[in-house]
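The values are calculated or read from the model by the stated rules, or taken from the named source; none is laboratory data. Predicted model, so just to flag it, every value in this text is computed and none were measured. Quick reminder, even Gly has a Cβ in these numbers, built from the backbone with ideal geometry, and neighbours come from all protein chains shown. Side chains included, ligands, DNA and RNA excluded: accessible areas come from the protein's heavy atoms. Shrake-Rupley method; radii C 1.70, N 1.55, O 1.52, S 1.80 Å.
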Protein chains: 2
Amino acid sequence: MASDHYKLIILGAGPAGLTAGLYAARARMDHLLIEKGAEGGQILLTDWIDNYPGFPEGLSGFDLAEKMAAHAKRFDLNSMFGNVLSMDLSGKPLRLELEDSNALTCDSLIICTGAHPRPLNIPGEKELTGKGVSYCATCDAPFYRNQHVAVIGGGNTAVQEASHLTKFADKVTLIHRRDELRATKILQEKAFANPKIEFIWDTTTTAVTGTEGVEGLELLNKNGDKSTLQVEGVFILVGVLPNNEMLPLELLKADSGGFIPTDLETRTAVEGVMAAGDIRSKEVRQVINAAGEGATAVLAAENYLVNLS
Amino acid sequence: MASDHYKLIILGAGPAGLTAGLYAARARMDHLLIEKGAEGGQILLTDWIDNYPGFPEGLSGFDLAEKMAAHAKRFDLNSMFGNVLSMDLSGKPLRLELEDSNALTCDSLIICTGAHPRPLNIPGEKELTGKGVSYCATCDAPFYRNQHVAVIGGGNTAVQEASHLTKFADKVTLIHRRDELRATKILQEKAFANPKIEFIWDTTTTAVTGTEGVEGLELLNKNGDKSTLQVEGVFILVGVLPNNEMLPLELLKADSGGFIPTDLETRTAVEGVMAAGDIRSKEVRQVINAAGEGATAVLAAENYLVNLS
């Protein structure tokens with residue numbers, strides 16, 4: 001069927017995918033955006049977004065998702081819900097296999113499947129996400145002025161963000177399951193020298209407690225001792241995982257974390273395939289740069305398509 | 001004086017600089033944003049911005065500039081007006097020389113000086129910019145549904161955008177000063193095969209006419225013949241020029257067009273110096289990706305500063 005082939009397929013409808021959809025629709029490209037769940041991606045997990053430029057008062061993640069989706073739809077975005085289980089990018093056309101055993105083909109593909117914070121999978125974590133449980137200090141630190149927060153983790157991100165949080169919070173307790181940090185020495189030295197940061201070693205967090213918001217943590221030392229810690233917020237910074245289960249990782253030359261490397265114009269190792277947003281191999285994962293990459297990816301796709309014979 | 005040194009200076013207050021300012025201020029970094037003219041940069045030249053994600057109905061360039069500036073100021077952006085004439089990036093601290101013969105130093109610098117379309121410098125061009133004279137078909141093509149527009153230029157951008165414009169406009173007249181195009185063959189073939197595109201060769205445009213909006217063009221053939229062409233819009237696509245007169249181009253390894261190459265994290269060839277927005281060496285110059293790069297650049301600066309001893 002003719003309708004099963006598109007010049008461009010965009011996979012995922014977070015900020016990168018919705019921006020790509022906006023650009024593709026507005027340019028009247030023959031396109032399809034495929035989303036597995038709700039439009040918005042990770043911003044739906046964020047209670048309040050204060051750093052998407054152009055909204056001086058901030059707005060809820062839900063509102064921004066809705067605005068981005070409405071924006072793309074105003075230009076006749078062609079979208080569907082569907083679950084892509086696997087794909088064959090080794091030849092042309094590119095081929096996507098869906099859960100309902102249908103397949104779609106396309107000349108170019110923009111992968112915007114995103115990522116998700118590695119969760120601890122403990123009681124209270126999911127229920128209080130966006131209500132004191134956060135996975136992004138850059139996003140949420142300013143909400144914790146003069147409060148006591150915990151950071152869970154021991155890598156570069158956890159230690160750097162613990163220092164960052166002391167610009168706002170009165171006290172930051174870093175909880176790490178080992179007796180030393182993995183972060184680089186200079187970050188460690190700064191954290192150790194910071195009087196606002198306390199450390200709890202050899203300890204895992206077994207639950208987040210609270211009803212309307214975070215009230216505390218339940219802790220377990222490796223010697224078996226249990227304790228509780230009162231905090232108003234907790235930043236779980238134990239890594240980010242790519243949503244890559246449907247991607248041919250070897251062909252796309254995924255990095256050791258499973259993220260997809262691209263060039264400056266978001267082109268992957270496979271001709272005609274771009275990647276934008278958090279699935280990209282990169283250091284900074286913010287809504288605004290995901291959106292920017294979505295735009296770049298569509299123009300890269302246009303350039304690719306226009307040069308096809 | 002202590003106040004003459006900053007950990008981070010951001011140069012330029014277009015979308016990239018204002019986003020960098022927002023991120024730097026919100027992270028409570030010791031920062032200064034320097035702007036030569038009005039906050040907003042090139043978006044101030046754009047009457048209506050329809051493709052900045054999150055504003056489904058679009059908004060004026062002026063409004064977006066104002067919102068972005070207000071956003072950064074809400075987090076206590078530290079900014080000043082000033083004209084940087086030159087800089088010394090060969091040692092540390094980095095040093096900027098201002099027009100008023102003051103100097104500022106910094107540990108890290110984000111260059112967001114932007115670019116500007118190469119103008120034709122003909123009567124009517126400046127007066128009607130944003131009122132039918134456009135320098136960006138990606139931005140403005142959808143405003144010309146069922147109308148007759150001209151494209152001036154003969155390179156890849158001009159020819160590709162002429163094709164793109166036929167998705168909206170009834171008729172596109174491409175005016176080129178030579179008798180053949182510089183664009184790649186495949187773009188030329190597509191344009192020649194497109195019944196909506198007409199070509200006027202060996203001709204320069206000497207004036208844009210109209211009062212409230214563009215009404216037509218005055219043309220001059222190289223044989224001396226003068227003529228007029230009625231159009232509702234004209235896209236001047238004869239190149240983009242970097243705002244780089246204050247930059248040490250050799251040290252920054254500027255490309256042949258004078259733009260600044262960076263890596264994926266916006267780092268230039270000089271340690272501690274980032275570049276974001278249209279001054280970067282890249283293919284896609286849009287508001288949304290300029291903003292995204294501004295955010296990336298601040299986090300790159302933070303990473304650089306935190307690793308300074």
Averaging sequence separations of C-alpha pairs under 8 Å and six or more residues apart, then dividing by the length of segment B:183-309, give the relative contact order as a whole percent. 12 percent
Quick one: if the Förster radius is 41 Å, what FRET efficiency do residue A:227 and residue B:256 give, using the C-beta to C-beta distance and rounding to 0.05? 0.05
With segment A:190-245 reduced to its Cα atoms and the Debye formula applied, log10 I(q)/I(0) at q = 0.13, 0.19, 0.20, 0.26 1/Å amounts to -0.47, -0.86, -0.91, -1.11
Cα centroid of segment A:18-38 to Cα centroid of segment A:129-196, whole Å: 37 Å
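Under 8 Å for C-alpha pairs, at least 6 residues apart: give me the relative contact order for segment B:133-236, rounded to a whole percent. Spell out each step's value before the answer.
Values: 223 pairs, mean separation 31.7, N = 104.
With pairs under 8 Å counted, the relative contact order is 31 percent.
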Positive dipole terminus of chain B, leading residue within B:82, B:242, B:136 (C-beta point charges): B:136
How far, in whole Å, is the closest Cβ of chain A from the axis that maps A onto B, and which residue does it belong to? A:292, 1
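How big is the convex hull of the Cα atoms of segment A:83-183, per residue, in Å³?
Details: hull volume 17.2 nm³, N = 101.
Considering the Cα atoms of segment A:83-183, their hull volume per residue is 171 Å³.
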Cα-projected label distance for residue B:121 with residue B:245, points at 7 Å along beta-carbon direction, nm: 1.2 nm
Taking a spot 7 Å from the Cα of residue A:81 along the direction of its beta carbon, which residues of segment A:26-62 have an amide N less than 16 Å from it? A:33-41
Please grab the % of Cα pairs in chain A that end up more than 28 Å from each other. 44 percent
Cα long-axis angle, helix A:61-74 against chain A (0 to 90 degrees, to the nearest 10): 10 degrees
Heavy-atom accessible area, 1.4 Å probe, ligands and nucleic acids excluded: residues of segment A:136-183 down by at least 10 Å² from chain alone: A:138, A:142, A:145, A:160, A:164, A:167, A:168
What are the ³J(HN,Hα) couplings of segment A:217-223, residue after residue, when phi is run through the Karplus curve with 6.51, -1.76, 1.60 and θ = phi - 60°? Round to Hz, x for glycine and proline. 10, 9, 10, 9, 7, 5, 7
Share of the protein assembly as shown's accessible area from carbon and sulfur, percent, 1.4 Å? 49 percent
Residue-ordered couplings for segment B:181-193, obtained by feeding phi - 60° into the Karplus form 6.51 cos²θ - 1.76 cosθ + 1.60 and rounding to whole Hz (Gly and Pro as x), are 7, 8, 4, 4, 3, 5, 5, 4, 4, 5, 5, 5, 7
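Evaluate 2.2 N^0.38 Å with N set to the residue count of segment B:133-236, then give the Cα radius of gyration divided by it. Don't skip to the answer; put the middle values down first.
Numbers: Rg = 12.7 Å, N = 104, 2.2 N^0.38 = 12.8 Å.
That works out to 0.99 for segment B:133-236.
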Check each residue of segment B:274-288 and keep those whose accessible area, probe 1.4 Å, is at least 10 Å² smaller with all protein chains in place than in the chain alone; give them in order of residue number. B:280, B:281, B:282, B:283, B:284, B:286, B:288
Over chain A, cysteine residues that find no other Cys C-beta under 4.7 Å are A:106, A:112
To the nearest 10 square angstrom, how much accessible area does residue A:4 have with a 1.4 angstrom probe? 50 Å²
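Would you mind working out the accessible area per residue for the protein assembly as shown, using a 1.4 Å probe, and quoting it in Å²?
For the protein assembly as shown, the per-residue accessible area is 42 Å².
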Once you wrap a convex hull around the alpha carbon atoms of the protein assembly as shown, what is its projected area averaged over all directions, in nm²? 29.5 nm²
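If you take the accessible area of A alone plus B alone and subtract the pair, what total do you get in square angstrom, rounded to 100, with a 1.4 Å probe?
Values: alone 15510 and 15500 Å², together 25970 Å².
The A and B chains share an interface burying roughly 5000 Å².
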How far is residue B:215 from the same spot in each other copy, in nm, shortest first, if each label point sits 7 Å from Cα toward Cβ? 7.5
Distances in nm, one decimal, shortest first, from residue A:307 to the same residue in every other copy, taking the label point 7 angstrom along Cα→Cβ. 3.2
Residues meeting the amide H criterion for residue B:198 (H placed from the backbone, H to H distance under 5 Å, 5 or more places apart or on another chain) are B:172, B:173, B:174
Relative to the first principal axis of the alpha-carbon coordinates of chain A, what is the inclination of helix A:15-26, with its axis defined by its Cα atoms, in degrees from 0 to 90 and to the nearest 10? 20 degrees
Under 5 Å from the placed amide H of residue A:48, counting only residues 5+ away or on other chains, we find A:61
Run the label-point distances for residue B:126 please: 7 Å along Cα to Cβ, every other copy, nanometres, shortest first. 6.3
Evaluate the relative contact order of chain A (contact order divided by residue number), counting alpha-carbon pairs under 8 angstrom at least 6 apart; express in whole percent. 20 percent
q = 0.16, 0.17, 0.19, 0.22 Å⁻¹: log10 I(q)/I(0) that the Debye formula gives for segment B:29-133, counting C-alpha atoms only: -0.91, -0.98, -1.09, -1.22
What aspartates and glutamates does residue A:67 reach when the alpha-carbon gap must be under 14 Å and sequence neighbours fewer than 8 apart in one chain are set aside? A:39, B:50, B:57
May I ask you to evaluate 6.51 cos²θ - 1.76 cosθ + 1.60, the Karplus curve with θ = phi - 60°, for each residue of segment B:158-173 and list the ³J(HN,Hα) values in order in whole Hz, giving x for glycine and proline? 4, 6, 5, 6, 4, 4, 4, 4, 5, 5, 10, 6, 6, 8, 10, 9
